[in-house]
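The structure appears below as structure tokens.
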Amino acid sequence: MLEYLAKTNLNDDDIFMLCQATSPYTQTSEYTAAIHQFLNSKKDAQLTCSVEKKFYWNKDGKPLNYDPLKRPRRQDFSGTLTENGAFYMSYAGKIKQSGCRISGDIDVFILPDYFLFEIDEPQDWMIAEMLMKRLLTTGKPTIKLFASDVDGVLTDAGMYYSETGDELKKFNTRDGKGFELLRNAGIKTAIITSENTQIVERRAKKLKIDYLVQGQHHQDKLTAVINICKKEGIDLSEVAYIGDDINCYELLSSVGTAACPADASKKIKSIPNIQILNLNGGQGVVREFIENILYNEEVPF
């Protein structure tokens, strides 16, 4: 690595990422989220870990990560962060200085537990192939969090004012039913918006939305969803998001399943693999996206 760096024109403050072929499961969304987290962390390096829920002992019969007298259920056990070797990130100058892929103040990027299965021995190929088929090549992605923008998605982007100057928004009841369908399917829900209004707060409360994050702009929206993913223990590839304008670009480019209304901006429609839906914002387009996810097909209202 050091020989390679010596031959390149990398500046000391350029980021160098080492991606290991022994972990073939990593997708674009994970690289994007990791870089975003690393830049925000202001730390010197980053490594990837997964949560391993196993109870460890040493040879002297001493427990290393739990109290046997208070043995928790595996479901309630926080587990141990284990280095999975998917990729490492640091600044070129730090690597030259330390001679190591990671050094200094280190950031941890958490990946799903299946990243613990690396390809080191011939028999590991069998496990990796089964994981790839089950987790990454299925026709219908696994969605654990559904998030939506507000203006231009849940509403028609119109700005309505009463005689007294009160701001009003028009929502579609079909979208509300869609969130109920998600809740019944066990999928967490979120509203991520640049605005900060009591109207949206009341709407989110009525729809029983799990997470409402207001006042988020551009990359802040991605950060908000990354934080929710950490809390729920899920990956960005398991997130579906629908947005319509440039302040949703980073988030739409990072999630596993992205969609936009038919009247979204050209820049949003240009995002690779984004679903351009049939309806405009405020016409029930969120319900359209939800039914595509739940039924893997377009279902008439």
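So the values come out like this:
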item	result
Of the criteria (1) closer than 29 Å to residue 225 by Cβ; (2) surrounded by 15 or more Cβ atoms within 10 Å (Cβ to Cβ); (3) among the polar types (S, T, N, Q), which one residue 103 fails	(1)
Odd one out for residue 246 among (1) out of contact with any Ser or Thr (no Cβ under 7 Å at 6 or more places or on another chain); (2) over 21 Å from residue 189 (Cβ atoms)	(1)
Residue among 248, 229 that alone is in contact (Cβ under 8 Å) with a residue 40 or more places away in the chain, within 15 Å of residue 32 (Cα to Cα), in the same structural domain as residue 171 (by TED's automatic domain parsing) and more than 11 Å from the chain's Cα centre (by Cα)	248
Top-ranked residue of the range 153-189 - restricted to ones that are aliphatic (A, V, I, L, M) and out of contact with any Ser or Thr (no Cβ under 8 Å at 6 or more places or on another chain), ranked as surrounded by the most Cβ atoms within 10 Å (Cβ to Cβ)	153
Enumeration of residues in the range 154-179 that are of a type in the set (Asp, Glu) and over 19 Å from residue 212 (Cβ atoms)	156, 163, 166
Within the range 190-235, considering residues that are in contact with a Phe, Trp or Tyr (Cβ under 8 Å, 6 or more places away or on another chain), outside any helix (DSSP H, G or I) and of a type outside the set (A, V, I, L, M), the one surrounded by the fewest Cβ atoms within 10 Å (Cβ to Cβ)	208
Options 293, 268; residue that is in contact with a Cys (Cβ under 6 Å, 6 or more places away or on another chain) and either at pLDDT 90 or above or closer than 19 Å to residue 174 by Cα (or both)	268
Check on residue 181, under 28 Å from residue 89 (Cβ atoms), in contact (Cβ under 8 Å) with a residue 40 or more places away in the chain and not charged (D, E, K, R)	no
Among the residues listed as 82, 32, 28, the single one being within 18 Å of residue 237 (Cα to Cα) and either touching a Ser or Thr at 6+ places or on another chain (Cβ under 6 Å) or modelled with pLDDT of 90 or more (or both)	32
Subset of the range 186-204 [charged (D, E, K, R) and either at pLDDT below 90 or in contact with an Asp or Glu (Cβ under 6 Å, 6 or more places away or on another chain) (or both)]	188, 195
Boolean, residue 110 is of a type in the set (A, V, I, L, M) and touching a residue at least 24 places away in the same chain (Cβ under 8 Å)	yes
Candidate set: the range 256-290, residues that are surrounded by 20 or more Cβ atoms within 10 Å (Cβ to Cβ) and of a type in the set (D, E, K, R); chosen: the one farthest from residue 180 (Cα to Cα)	288
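One line per residue, one yes/no per condition, for (1) farther than 20 Å from residue 43 by Cα; (2) loosely packed, with under 15 Cβ neighbours inside 10 Å; (3) of a type in the set (Gly, Ala, Ser):
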{"residue": "76", "(1), (2), (3)": "yes, yes, no"}
{"residue": "86", "(1), (2), (3)": "no, no, yes"}
{"residue": "99", "(1), (2), (3)": "no, yes, yes"}
{"residue": "107", "(1), (2), (3)": "no, no, no"}
{"residue": "115", "(1), (2), (3)": "yes, no, no"}
{"residue": "122", "(1), (2), (3)": "yes, yes, no"}
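The values are calculated or read from the model by the stated rules, or taken from the named source; none is laboratory data. Computed from a predicted structure; not experimentally measured. Virtual Cβ from ideal backbone geometry, glycine too; neighbours counted across all protein chains shown.
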